[in-house]
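Accompanying notes for the structure given below.
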Amino acid sequence: MSRFLIALVFLLTCSPVVLADTEFSTTQPDFLLTAPTNVSKKLRLETAFDYVGGADFSNGLGGVEVFRTSLSVDYSIFKLSYMASDFAWTHTEGVAKTFSVGGSLTPWDILHDFTLQARLLNDTVGDRWRYWVNGEVASSFETTFPGAVGVGFDGGIAYDFWQGWMLGLTARTVALSPLNQDLLGEAEIGLAVAVSQKALRRTLQSLGLSDDVLNGSDAINFSFAVSRVEKTYRLDSGNSLYQSGYLGVVHSKAGLYLDYAPNEDIVMSIGPEYHYLREYRLYNSAGSYQSSHKLDNAFGGYVRVLWKF
């Protein structure tokens with residue numbers, strides 16, 4: 001499956017989305033500012049596409065750009081997600097030199113993720129605080145399922161620190177089957193600030209910068225988020241670098257997002273992103289660390305559509 005087919009699947013499945021019936025309803029990729037507040041009796045679907053622009057390895061030999069498409073289904077306390085990441089390599093002779101092999105090399109083409117989550121805790125404390133904890137089982141691999149299988153948790157807290165301005169802190173950890181202390185399944189930490197257009201206008205009015213607060217809308221939300229992620233994938237038995245080895249994809253990301261909900265059943269999100277402190281880490285089949293390869297920073301973007309029925 002090429003990156004163009006992945007993008008086509010995304011476009012064909014794009015339909016409106018819904019968030020939970022709560023004022024704390026801003027989310028963004030890999031960083032959940034708020035989990036759904038209520039157990040849903042309806043089916044919720046989500047599709048998203050994000051792009052990481054072309055960037056060279058820090059040694060100047062070869063480069064890569066990444067296209068990601070994800071689909072998820074959310075019902076009751078459960079959420080099932082799938083993501084495909086398509087890697088488009090450039091100057092493959094240089095890529096081979098980066099990984100210390102001869103000839104031309106595309107180390108991997110598409111990486112796959114399956115995640116099943118169950119909502120364990122989700123509540124509010126007073127009018128300003130809320131928290132959530134999810135348990136999850138994850139599978140990540142090159143082409144051979146189930147690949148790297150792990151179990152873990154993700155959760156977070158959010159606080160209304162000033163007139164509808166939300167501050168969120170989240171964390172996620174997934175542990176793989178014991179192989180080697182070098183190998184980590186998944187780790188993520190993030191921080192976000194979110195505000196609705198109406199709350200933003202109210203803030204500007206209180207500062208004497210605007211008199212137009214009545215035209216504000218809760219249907220439009222803005223958020224800024226930063227996160228740090230490390231994710232491990234199982235490579236194929238025929239992989240040209242490490243047969244049945246492991247790959248760690250590490251990156252930090254900053255993004256600015258706009259969410260628009262024209263009605264209670266539709267939410268659309270879009271925003272630019274900046275990826276930095278990027279690195280690919282390689283492990284052998286026993287999970288022992290072998291090498292790491294740094295990438296230059298890159299700009300990207302994100303689009304998401306959700307709906308319920």
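Working carefully through the options Gly271, Gly287, find the one that is touching a strand residue (DSSP E or B) at 6+ places or on another chain (Cβ under 9 Å) and at pLDDT 90 or above.
Values: Gly287 fails: at pLDDT 90 or above.
Exactly one of Gly271, Gly287 is touching a strand residue (DSSP E or B) at 6+ places or on another chain (Cβ under 9 Å) and at pLDDT 90 or above, namely Gly271.
Taking the stretch 158-188 as the range and being of a type in the set (A, V, I, L, M) and open to solvent by 20 Å² or more (accessible area, probe 1.4 Å) as the test, the residues that pass are Leu167, Leu169, Ala171, Ala175, Leu176, Leu179, Leu183, Leu184, Ala187.
Taking the condition on the phi < 0 side of the Ramachandran plot and part of a strand (DSSP E or B), does Leu277 pass? Judged against the criteria, Leu277 is not a match.
Count of the stretch 237-256 residues, restricted to those that are more than 13 Å from Pro107 (Cβ to Cβ) and outside any strand (DSSP E or B), is 2. Listed conditions (1) under 27 Å from Leu169 (Cα atoms); (2) hydrophobic (A, V, I, L, M, F, W, C); (3) surrounded by fewer than 14 Cβ atoms within 10 Å (Cβ to Cβ); (4) free of Cβ contacts under 8 Å to residues at least 40 places away in the same chain are all met by Phe114, apart from (3). Under the condition of being surrounded by 22 or more Cβ atoms within 10 Å (Cβ to Cβ) and of a type outside the set (A, V, I, L, M), the residues counted in the stretch 148-157 number 1.
Contact map, the stretch 136-158: residues that are among the aromatic types (Phe, Trp, Tyr) paired with residues that are part of a loop (DSSP other than H, G, I, E, B), Cβ distance under 9 Å, separation 6+ or inter-chain. Pairs shown: Phe141/Gly147; Phe141/Leu235; Phe141/Asp236.
Would you pick out the residues in the stretch 252-307 that are surrounded by 14 or more Cβ atoms within 10 Å (Cβ to Cβ), more than 21 Å from the chain's Cα centre (by Cα) and over 30 Å from Asn59 (Cα atoms)? Listed by number, the list holds a single entry, Asp265.
Output yes when any residue across the stretch 100-109 is at pLDDT 50 or above and either among the aromatic types (Phe, Trp, Tyr) or assigned to a strand (DSSP E or B) (or both), and no when none is. Yes, the stretch 100-109 contains at least one residue that is at pLDDT 50 or above and either among the aromatic types (Phe, Trp, Tyr) or assigned to a strand (DSSP E or B) (or both). Figure legend. Inter-residue proximity from the stretch 168-195: first residues within 19 Å of Asn134 (Cβ to Cβ) and at pLDDT 85 or above, second residues among the hydroxyl-bearing types (Ser, Thr, Tyr) and open to solvent by 60 Å² or more (accessible area, probe 1.4 Å), beta-carbon distance below 6 Å, spacing 6+ or different chains. Indicated pairs: Ala187/Thr173.
For Gly168, the conditions (1) assigned to a loop (DSSP other than H, G, I, E, B); (2) of a type outside the set (A, V, I, L, M); (3) in contact with a strand residue (DSSP E or B) (Cβ under 6 Å, 6 or more places away or on another chain) are fulfilled apart from (1).
Answer yes or no: is there a residue in the stretch 211-231 that is β-branched (Val, Ile, Thr), in contact with a strand residue (DSSP E or B) (Cβ under 6 Å, 6 or more places away or on another chain), buried (at least 21 other Cβ atoms within 10 Å of the Cβ) and closer than 24 Å to Phe114 by Cβ.
Quick first cut of the stretch 211-231, residues β-branched (Val, Ile, Thr) only: 213, 220, 226, 229.
This time we only want the ones that are in contact with a strand residue (DSSP E or B) (Cβ under 6 Å, 6 or more places away or on another chain), so: 220, 226, 229.
Checking the rest, the ones that are also buried (at least 21 other Cβ atoms within 10 Å of the Cβ) come to none.
Checked the stretch 211-231: no residue is β-branched (Val, Ile, Thr), in contact with a strand residue (DSSP E or B) (Cβ under 6 Å, 6 or more places away or on another chain), buried (at least 21 other Cβ atoms within 10 Å of the Cβ) and closer than 24 Å to Phe114 by Cβ.
Please specify each residue of the stretch 82-99 satisfying the condition of being open to solvent by less than 60 Å² (accessible area, probe 1.4 Å) and assigned to a loop (DSSP other than H, G, I, E, B). Listed by number, the list holds a single entry, Phe99.
The values are calculated or read from the model by the stated rules, or taken from the named source; none is laboratory data. Note that this is a predicted model, so its numbers are computed, not measured. Using ideal geometry, Cβ is built from the backbone for each residue, glycine included, and neighbour counts are taken over all protein chains shown. For accessibility, only protein heavy atoms count, side chains too; no ligands or nucleic acids. Shrake-Rupley method; radii C 1.70, N 1.55, O 1.52, S 1.80 Å.
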